[in-house]
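So the structure is just underneath, and the comments pick up after that.
The values are calculated or read from the model by the stated rules, or taken from the named source; none is laboratory data. Since the structure is predicted, the reported quantities are computational estimates derived from the model, not experimental observations. Cβ placement follows ideal geometry from the backbone for every residue including glycine, while neighbour counts extend to all protein chains displayed.
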Amino acid sequence: MTRAGPGRSVWRWRPWPTSLAGRTALTLLIGFALVQAIGLGIHTYNQRILNNIEAQREVATRSALIYRRIAQAAPEDQRAVLRAEQKTAWPRRLLLTPEPPFRNSFALPLPARQILRASIIAFPMAKDIRPHGMTLRGAINPPRVMISFHMRDGLWLTVISPFRPTPPWRTPGFATAFIIMFMLGAAMIIWAVLRLTAPVRTLAAAAEQLGRDIGNAPSLPESGPSEIATAAIAFNTMAARIRRFVEDRTFLLTAIGHDLRTPITRLKLRVEFLDDEAMRDKFMADLDELEAMVASTLAFGRDIAASEAMVPVDIATLLRTALDEAADVAAEGAACVSFSGPDHLTLRVRPLSLKRALANLIANAINYGGAARVRLHQPQRDMVRIDIEDDGPGIPAAELERVFEPFRRIETSRNRRTGGTGLGLAIARNAVRAHGGDITLANRPGGAGLIASVFLPV
Ligand SMILES: Nc1ncnc2c1ncn2[C@@H]1O[C@H](COP(=O)(O)OP(=O)(O)O)[C@@H](O)[C@H]1O
Ligand SMILES: [Mg+2]
């Protein structure tokens, strides 16, 4: 089975999408996320440096302020002022010592020292209270900055401040900006990919339509971006060629059939004058067969040419009617036919041509297999399946495909009783394929008969 039939893939979640749009979108989104992440990293790094500088300036200014208040006080009041300052300066700690405390601390890196020093020097202070010197140190656990001012009277005032620069991600708008940027970018990617792949879907839909209904499928608009327009033009040209090819073939078929009728009639008239009666009967039988073949060829041609409209039809009812009609003409009567399946199942089909196809299959089952059991299955994977089963000898495996060829009959059935011309299966498959479906034949296990399966798209 090579055409649209069972085994069409169904949609299911996979980590790597199967669609072109899905794959392109995912690739672009991953790339975009990577670029964003790198940008975010660089931004975070810069922001950290800025936040550190900011925090260092703040520490320096506050420390200088505290120093100025204490340095301004008279030497005998300094300790009292310090105690008062300590209350408001919390969580900073103030120390007044003869030497700057060095224990458990380290020299701050040069850039930090430069920033601290510059901020302190820039702080407004009367000339006579400016410190003689400064030591700038740091401590960890928790991170602290220790600034010691050498005061005029020789003592050292040390201001120990907790050092807590704002983490970059706490900066207002930081997260929001990145989320909005990512969402905007992602939306644009998805929009662009969907737009880009839309023509592919249109093309697929058009091809599907053409497969179902060569006669009436609309042509693609030949507009849009140049690649798309080129593809559309190529597609339309191809569709036109196929259409012309089918028309030519049909025309040829009916023309030959039509032109054969006259000589056959003439032959029949001449045979009437044959003296040898046995010979005459044989000639007559052959000519009758020839006539029947021509008649069904013409019917086949008409069938292809007639583009019947697609309408919603209850397949279950259509099958039951076809079975009843077959049973009426069968020698065994209603006993040899049966139907199972849902009571109703509506599909869009060409009712006359589909019914002719199904009637052909049912007639074959009764004629060659002595029974026709029809099973209508619920749609599966967008396909409705109809099985027509019989109790006959089946068909040799090598012939299963070949019996679909026009006029192909198996030797054993070359008798007038079954009455066919070998076009039934060709007509049936032609009709079902024009619906976008197919017919397959299979032997039942153990040579118990044949199953003809008809697949129709939902
Ligand atoms: N159900 C069946 N069981 C056995 N043989 C079959 C069956 N259906 C079709 N065939 C074989 O396939 C041939 C072609 O069938 P078809 O195209 O319907 O032509 P026709 O019925 O006019 O002979 C038949 O002649 C017959 O030999
Ligand atoms: Mg037949």
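You will find that of A371, A442, the residue that is within 16 Å of ligand 2 (Cβ to nearest atom) and over 31 Å from the mean Cα position of the chain (by Cα) is A371 and no other. Of the residues S219, S223, the single one that is more than 30 Å from A292 (Cβ to Cβ) and in contact with a Phe, Trp or Tyr (Cβ under 9 Å, 6 or more places away or on another chain) is S219. Among the conditions (1) under 23 Å from K355 (Cβ atoms); (2) at pLDDT 90 or above; (3) near ligand 1 (Cβ under 8 Å from one of its atoms), E399 misses just one, which is (1). Every test in (1) surrounded by fewer than 15 Cβ atoms within 10 Å (Cβ to Cβ); (2) touching a Gly at 6+ places or on another chain (Cβ under 7 Å); (3) not aliphatic (A, V, I, L, M) is passed by R212 save one, and that test is (1).
Within the range 328-353, take every residue that is more than 16 Å from ligand 1 (Cβ to nearest atom) and assigned to a helix (DSSP H, G or I) and give me the one that is nearest to V384 (Cα to Cα). Residue satisfying both the conditions and the ranking: P351. Of the residues that make up the range 97-111, is at least one loosely packed, with under 13 Cβ neighbours inside 10 Å, of a type in the set (F, W, Y) and part of a loop (DSSP other than H, G, I, E, B)? Yes. Among all positions in the range 101-112, there is at least one residue which is at pLDDT 90 or above and out of contact with any strand residue (DSSP E or B) (no Cβ under 9 Å at 6 or more places or on another chain). With respect to the conditions (1) within 21 Å of R249 (Cα to Cα); (2) at pLDDT 90 or above, A305 falls short on a single one, namely (2).
Screening the candidates Q56, Q78 for the property of being in contact with a Leu (Cβ under 9 Å, 6 or more places away or on another chain) and at pLDDT below 90 yields one hit, Q78. Would it be correct to say that A299 is surrounded by fewer than 21 Cβ atoms within 10 Å (Cβ to Cβ), more than 16 Å from ligand 2 (Cβ to nearest atom) and either in contact (Cβ under 8 Å) with a residue 24 or more places away in the chain or assigned to a helix (DSSP H, G or I) (or both)? Criteria not met by A299.
If a residue must be part of a loop (DSSP other than H, G, I, E, B) and not basic (K, R), how many such residues does the range 368-413 contain?
Matching residues across the range 368-413 total 19.
Scanning the range 409-427 turns up no residue that is crowded, with 20+ Cβ neighbours inside 10 Å, in contact (Cβ under 8 Å) with a residue 40 or more places away in the chain and more than 9 Å from ligand 1 (Cβ to nearest atom). Based on what the data block shows, is R433 within 8 Å of ligand 1 (Cβ to nearest atom), at pLDDT below 90 and within 24 Å of S296 (Cα to Cα)? Answer is no for this residue. Taken as a whole, the structure leaves E389 outside the set of residues that are out of contact with any Lys or Arg (no Cβ under 6 Å at 6 or more places or on another chain) and of a type in the set (D, E, K, R). Within the range 49-89, the set of residues being touching a residue at least 40 places away in the same chain (Cβ under 8 Å) and exposed (fewer than 14 other Cβ atoms within 10 Å of the Cβ) comprises E54, P75.
Quick grid of which residues meet (1) of a type outside the set (K, R); (2) farther than 19 Å from G424 by Cα; (3) outside the structural domain of F407 (by TED's automatic domain parsing); (4) touching a helix residue (DSSP H, G or I) at 6+ places or on another chain (Cβ under 7 Å):
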site: G257; (1), (2), (3), (4): yes, no, yes, yes
site: L260; (1), (2), (3), (4): yes, yes, yes, yes
site: T265; (1), (2), (3), (4): yes, yes, yes, no
site: R270; (1), (2), (3), (4): no, yes, yes, no
site: D276; (1), (2), (3), (4): yes, yes, yes, no
site: K282; (1), (2), (3), (4): no, yes, yes, no
site: A285; (1), (2), (3), (4): yes, yes, yes, no
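Filtering the range 135-176 to residues that are surrounded by 13 or more Cβ atoms within 10 Å (Cβ to Cβ), over 19 Å from I115 (Cβ atoms) and aliphatic (A, V, I, L, M) leaves M151, L155, L157.
When the range 336-390 is filtered for residues that are at positive phi, surrounded by fewer than 17 Cβ atoms within 10 Å (Cβ to Cβ) and small (G, A, S), only G370 remains.
Assess whether I451 counts as being near ligand 1 (Cβ under 10 Å from one of its atoms), surrounded by 14 or more Cβ atoms within 10 Å (Cβ to Cβ) and either of a type in the set (D, E) or modelled with pLDDT under 90 (or both). Judged against the criteria, I451 is not a match.
Give me the residue from the range 266-294 that is surrounded by 14 or more Cβ atoms within 10 Å (Cβ to Cβ) and among the acidic types (D, E) and, out of that set, nearest to T254 (Cα to Cα). The qualifying residue nearest to T254 (Cα to Cα) is E291.
Residue-level analysis places A365 among those that are within 15 Å of ligand 2 (Cβ to nearest atom) and assigned to a helix (DSSP H, G or I).
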